[in-house]
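Okay, so here's the structure we're looking at.
The values are calculated or read from the model by the stated rules, or taken from the named source; none is laboratory data. Predicted model, so just to flag it, every value in this text is computed and none were measured. Every residue, glycine among them, receives a Cβ derived from its backbone with ideal geometry; neighbour counts consider all protein chains shown.
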């Protein structure tokens, strides 16, 4: 078994699906070179699985209800011509 820390770009979409080794433990989310990324501790021998992540800006609506369950992952900031924007990443559990 080999355990490593891998980086996963998550893009700027509201919802993104990432393929990562099963059981990966999300460590943090940060902007690297202005782009959001997740870092996770992974077992490189594990089979891959798809996981869904959602990004919400501060002050934006977060759809809820209808059995939606999320886990908070972290917050990141990116600068733009109009100032710093703050986003929050959740893993969609269902």
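Some observations on this one:
- Looking only at the range 25-61, and only at residues there that are free of Cβ contacts under 8 Å to residues at least 24 places away in the same chain, at negative phi and in a loop (DSSP other than H, G, I, E, B), the one that is surrounded by the fewest Cβ atoms within 10 Å (Cβ to Cβ): 61
- Leading residue by the ranking (surrounded by the most Cβ atoms within 10 Å (Cβ to Cβ)) among those in the range 2-23 that are assigned to a loop (DSSP other than H, G, I, E, B) and touching a residue at least 24 places away in the same chain (Cβ under 8 Å): 10
- Among the residues of the range 68-92, the ones that are assigned to a loop (DSSP other than H, G, I, E, B) and either surrounded by 11 or more Cβ atoms within 10 Å (Cβ to Cβ) or at pLDDT below 85 (or both) come to 3 in all.
- Scan the range 51-94 for residues that are under 14 Å from residue 10 (Cα atoms) and more than 12 Å from the chain's Cα centre (by Cα) and the total you get is 2.
- Residue tally, condition touching a strand residue (DSSP E or B) at 6+ places or on another chain (Cβ under 6 Å) and over 15 Å from residue 28 (Cβ atoms), over the range 54-77: 6
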